[in-house]
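Where a number appears in this text, it was derived from the coordinates with a stated rule and is not lab data. As the structure is a prediction and not an experimental result, all values here were calculated from the model. Every residue, glycine as well, gets a Cβ built from its backbone with ideal geometry; the counts of neighbours run over all protein chains shown.
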Amino acid sequence: MNKVFILLTSLSAFMSMSCQQATTFSVELPASELDIPFSINLDSLTALPENSLSLWETSGGEDTAIPFQVSETNPRRLYWTIRPQDGLTKRTYKISKAAPEKFDDIKVVNDNGALVIRSGDKDLLSYQYETVYPPAGQDSHYKRSGFIHPLQTLNGQTLTRIQPPDHYHHYGIWNPWTRTLFEQDTVDFWNIRGGQGTVRFAEFVSQADGPVFAEYTALHEHVVFKKDSTEKIALNELQTVRVYKPGTSNDYYIVDITSNLSCASESPLLIIAYRYGGLGWRATEYWHKGNSEMLTSEGNTRDNTDNTKAKWIIVYGELPEDDEGGIVMLSHTSNYNHPEPLRVWDKKSTGGRGDVFVNFAPTKDKDWLLQPGNIYTLKYRLVVFNGKMTKEKAESAWVSFTSP
């Protein structure tokens, strides 16, 4: 097990910080070639408000102000991003009683039915909360809300696709369940043309932005269309999407997706083992069997990944204007049935064209019974990159994601 250590220097100074100007602490963590989002319990250190604090990194006798962000939770947490630094694993910080330095925020912007996360002049991710209808002439059951599209690289290349003619129910990055049992009826929330059920946006629970990350939490309702033409919500999902501000290298950024699932009534929901279901990604129409590839943590490529399990999967390929890019999808160790089964399309998909679809499917080989009164959590991290991604970087990203 990889571990992170925090060494507090003069803890009493933290507890009486109103009388102190500054104190230091050290963080020791696994070596990483990529940014590490990091946090500590701020309330255990000081009761001072965040607008009277500054955070500094101490290295070589010099202090450098770094951006930080404080959550509106109880207890408060102090967030910052640890940037790679020549394999250095022990980092020293100073927190001082002073007005924080000014840094540009990564922002949440409401834009015509979508919530857009924007860094500088770059739109990174759009969450579609208004209902998107299918193309004219298609079954209206294909309408859907509560999904991510477009998701873009820092070069501005779109990596998601919605409503492809071969699967009108595919919606960028989305997460329905396919074969379920609810109140004696089988319900398919994935293949929505069948009219058994759907997933839809209900409301925003929270939004936040700042110099470290921007995020939103949305309530998704997994709705059953009953045989008597009524509706009933079987499952509530609180989905939090957090996007960390890109680093100075400007060739990747990090997205965390956390789903908290709970039964919406006194009735349980049984998710029955099926070959796909859960977090899915329908990739850009630019990719096909000749210009895209995959690699998993177990060393499998696109030809032999389906029906295997993995901690992470790299999906990448050529993009317009002589560009390249992709996403590393990381599964957390606390997820159900981890390491998770994968459902991917091989190069024979879509009539031999080889379009790209990837799905972490925890119930691919195992039922999952969700009981009323419980909360079930799934955590994923996406590293969205320009160019190429090595297996070493993917592994270090997974270690930092899953380290306690």
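If you take all other residues with their beta carbon under 12 Å from the beta carbon of Arg161, and give Lys and Arg +1 and Asp and Glu -1, the sum is -2. For Ser206, nonlocal amide neighbours, meaning residues 5 or more places apart or on other chains whose placed amide H falls under 5 Å from its own, are Thr217.
Extension gain for Ser249 to Ile272 (0.36 nm times residue separation, less C-alpha to C-alpha distance): 3.9 nm.
Amide H contacts of Gly197 (H built 1.01 Å from N, in plane; Pro and chain starts excluded): Asp188, Phe225 sit under 5 Å, all sequence-distant by 5 or more or on other chains.
Taken along the Cα-to-beta-carbon direction at a fixed 7 Å, the label points for Asn41 and Glu285 span 5.2 nm. For the stretch 251-256, backbone phi angles converted through the Karplus equation (6.51, -1.76, 1.60; θ = phi - 60°) give residue-by-residue couplings of 10, 7, 8, 10, 10, 9 Hz, Gly and Pro being listed as x. Legend: calculated FRET efficiency, Thr390 to Tyr336, from the Cβ-Cβ distance at R0 = 35 Å, rounded to 0.05, equals 0.75. Once the Cα atoms are used to define both axes, helix 391-402 deviates from the longest principal axis of the chain by about 80 degrees.
In order along the stretch 296-310, the Karplus-derived 3J(HN,Hα) couplings, from 6.51 cos²θ - 1.76 cosθ + 1.60 at θ = phi - 60°, round to 9, 4, 9, x, 7, 10, 4, 5, 9, 8, 4, 6, 10, 10, 7 Hz, and Gly and Pro are given as x.
Amide H to amide H, with H built 1.01 Å from N, Val132 comes under 5 Å of Arg144, Ser145, counting only residues 5 or more places away or on other chains.
Excluding same-chain neighbours fewer than eight residues apart, the lysines reachable from Lys364 by a Cα-Cα span under 16 Å are Lys309, Lys311. Inverting the pair-averaged 1/r between distinct Cα atoms of the stretch 86-196 gives 17.5 Å as its Kirkwood hydrodynamic radius. Taking max minus min of the alpha-carbon positions on each principal axis, the stretch 133-208 gives extents of 48, 35, 19 Å, largest first.
Take 28-41, 77-90 and order them by the average number of nearby Cβ atoms within 10 Å per residue, most first; the result is 28-41, 77-90.
Listed by chain and number, the lysines whose C-alpha is less than 22 Å from the C-alpha of Lys122, apart from same-chain residues fewer than 8 away, are Lys102, Lys107, Lys245, Lys388. Mean projected area of the Cα convex hull of the stretch 20-122, taken over all directions, amounts to 8.5 nm². Taking 0.36 nm per residue of sequence separation and removing the Cα-Cα distance, the Asp346/Asn112 pair yields an extension gain of 80.6 nm. Compute the FRET efficiency between Gln138 and Arg77 as 1/(1 + (r/R0)^6), taking r as their Cβ-Cβ distance and R0 = 60 Å, and round to the nearest 0.05. E between Gln138 and Arg77, to the nearest 0.05, is 0.85. For the stretch 202-242, the Kirkwood radius over C-alpha pairs fed into Stokes-Einstein at 4 °C and 1.567 mPa s yields D = 109 µm² per second.
Compared with the rule-of-thumb size 2.2 N^0.38 Å for a compact globular protein, the chain has a Cα radius of gyration ratio of 1.03.
Candidate cross-link partners of Lys143 among the aspartates and glutamates, defined by an alpha-carbon separation under 18 Å and a same-chain spacing of 8 or more, comprise Glu130, Asp166, Asp188, Glu203, Glu221, Glu231.
When Lys and Arg each count +1 and Asp and Glu each count -1, what net charge do the other residues less than 13 Å away from Leu45, Cβ to Cβ, add up to? Summing Lys and Arg as +1 and Asp and Glu as -1 gives +2.
In this simple spin-label approximation, Lys226 and Ala99 carry label points 7 Å from Cα along the Cα→Cβ vector, and these lie 6.0 nm apart.
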